[in-house]
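Engineer: Encoded as structure tokens, here's the structure I'll be asking about.
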Amino acid sequence: MVKFAVMTFMYSGWAGSDSGSHEALLEILAGAGADGVEAFCNHFFDQATLLQRYQHKMRDLELCMPVMDLLANLAEPAGLQRKMEYDKMRKGIDICESFGTEIVHLAGCKLPEKLSASDAQRWIAEGMMDFVDDIEKRGMVLAFEDFDPSPGLICSAEDCLKIIRLTNNRVKFVFDTGNFKAVHENAEDNFERLIPHCCHFHFKDFQAADNPRGYAGTHFGQGMIANQAIARKIKAAGYQGWVALESYLQGNNGPRETVAPELKTLKSYFECLA
């Protein structure tokens with residue numbers, strides 16, 4: 001069975017404003033029919049009270065935290081900066097465990113200055129291998145995604161497969177349907193190569209735009225990404241697990257206006273294939 005989570009990082013400003021709250025955000029997700037929440041570990045660093053608020057409210061709403069996004073740049077080479085990134089990993093893994101998370105999703109790897117992409121990829125793989133035993137012992141899985149802020153490092157199908165191979169296939173993959181656009185690739189063309197390694201999926205949408213990239217985020221289901229075709233491929237592959245909605249806010253819209261209709265669209269892509 002496919003289960004549905006909603007990513008929340010784009011709503012953090014709303015949740016901390018006079019217009020909303022973290023509890024209200026969770027109520028909106030539950031009311032929209034989400035099964036789970038996908039939040040950033042980093043937002044809970046040194047925030048014990050916030051962590052407890054989320055845990056209590058999620059328990060009341062019968063929501064779980066199947067995946068958490070951990071921002072740490074493991075491409076940093078040996079030295080003080082790498083030690084700082086390792087400290088983020090340790091903090092984040094503890095937070096994931098406290099939420100009963102299934103997947104620790106590493107994001108945030110960027111190419112440091114004066115380092116080749118190949119060398120940086122080796123540093124990323126080495127860093128993940130330094131943590132994978134601990135993560136697995138805690139009953140979780142370590143994974144990374146095609147990360148579009150780093151198109152020359154960790155975004156193309158080939159670069160992602162290279163990193164997976166460098167970890168001896170122990171680290172899994174989060175397949176983001178939109179991010180391949182940063183390297184002029186299409187998700188539907190990369191699916192067969194990456195599905196053997198996939199443990200989670202991010203669904204988002206882009207539209208053509210007059211900017212250096214040539215595209216920008218739009219309402220889910222109204223853009224150019226072949227999300228329905230990817231859903232079809234996921235079902236055909238027999239995938240049983242989580243998929244997450246990653247929204248792009250438009251205008252003054254917040255979670256009240258965005259989550260319910262977009263999650264309904266995402267679910268419809270899978271329900272029509274049942």
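Engineer: Whenever you get a sec, compute what percent of the accessible area on the stretch 138-273 sits on carbon and sulfur atoms (1.4 Å probe).
Structural biologist: 46 percent
Engineer: Turning to a different aspect of this structure: Grab the Cα-Cα distance for Ser268 and Ala216, subtract it from 0.36 nm times how many residues apart they are, and report the gain in nm with one decimal.
Structural biologist: 16.4 nm
Engineer: Tell me, what is the FRET efficiency for Lys114 and Met224 to the nearest 0.05, using R0 = 35 angstrom and their Cβ-Cβ distance as r?
Structural biologist: 0.45
Engineer: From the helices alone, meaning DSSP H stretches of at least four residues, give me the mean residue ellipticity at 222 nm for the chain, per-run term -39500 (n - 2.57), in deg cm²/dmol to the nearest 500.
Structural biologist: Result for the chain: -13000 deg cm²/dmol, rounded to the nearest 500.
Engineer: Which lysines does Lys235 reach when only Cα atoms under 27 Å apart count, and residues fewer than 8 places away in its own chain are ignored?
Structural biologist: Qualifying lysines at Cα under 27 Å: Lys3, Lys162, Lys172, Lys181, Lys204, Lys264, Lys267.
Engineer: Here is a follow-up. Extension gain Met84-Asn252, at 0.36 nm per residue separation less the Cα-Cα distance, in nm?
Structural biologist: 56.9 nm
Engineer: Hey, another quick one. Between Arg59 and Asn186, what's the calculated FRET efficiency when r is the beta-carbon distance and R0 is 41 Å? Round to 0.05.
Structural biologist: FRET efficiency, Arg59 to Asn186: 0.55.
Engineer: Moving to a separate point now. Which order do the peptides 98-104, 209-215, 190-196 come out in when sorted by mean C-beta neighbours inside 10 angstrom, highest first?
Structural biologist: Averaged packing, sorted descending, gives the order 98-104, 190-196, 209-215.
Engineer: State the Cα centre-to-centre distance between the stretch 117-139 and the stretch 32-56 in whole Å.
Structural biologist: Cα centroid of the stretch 117-139 versus Cα centroid of the stretch 32-56: 24 Å apart.
Engineer: Then there is this: Ignoring ligands, DNA and RNA, what accessible area per residue does the chain give at 1.4 Å, in Å²?
Structural biologist: That works out to 44 Å² for each residue.
Engineer: What length, rounded to one decimal in nm, is gained on full extension from Phe9 through to Ser98, with 0.36 nm per residue of separation minus their alpha-carbon distance?
Structural biologist: The span from Phe9 to Ser98 would gain 30.2 nm if fully extended.
Engineer: Given a cut-off of under 8 Å on Cα pairs at least six residues apart, what relative contact order in percent is computed for the chain?
Structural biologist: 19 percent
Engineer: Pick from Lys110, Lys137, Lys204: which is most flexible by mean-square fluctuation in a GNM of the chain where alpha carbon atoms under 10 Å apart are linked?
Structural biologist: Lys137
Engineer: Also: Under a point spin-label approximation (7 Å from Cα along Cα-to-Cβ), what is the Arg170-Gln47 distance to one decimal in nm?
Structural biologist: In this crude spin-label approximation the distance works out to 3.1 nm.
The values are calculated or read from the model by the stated rules, or taken from the named source; none is laboratory data. Since we're looking at a predicted model, the values are computed, not measured. Methodologically, a virtual Cβ is constructed for each residue, glycine included, from the backbone with ideal geometry; neighbour enumeration extends over all protein chains shown. For accessibility, only protein heavy atoms count, side chains too; no ligands or nucleic acids. Shrake-Rupley method; radii C 1.70, N 1.55, O 1.52, S 1.80 Å.
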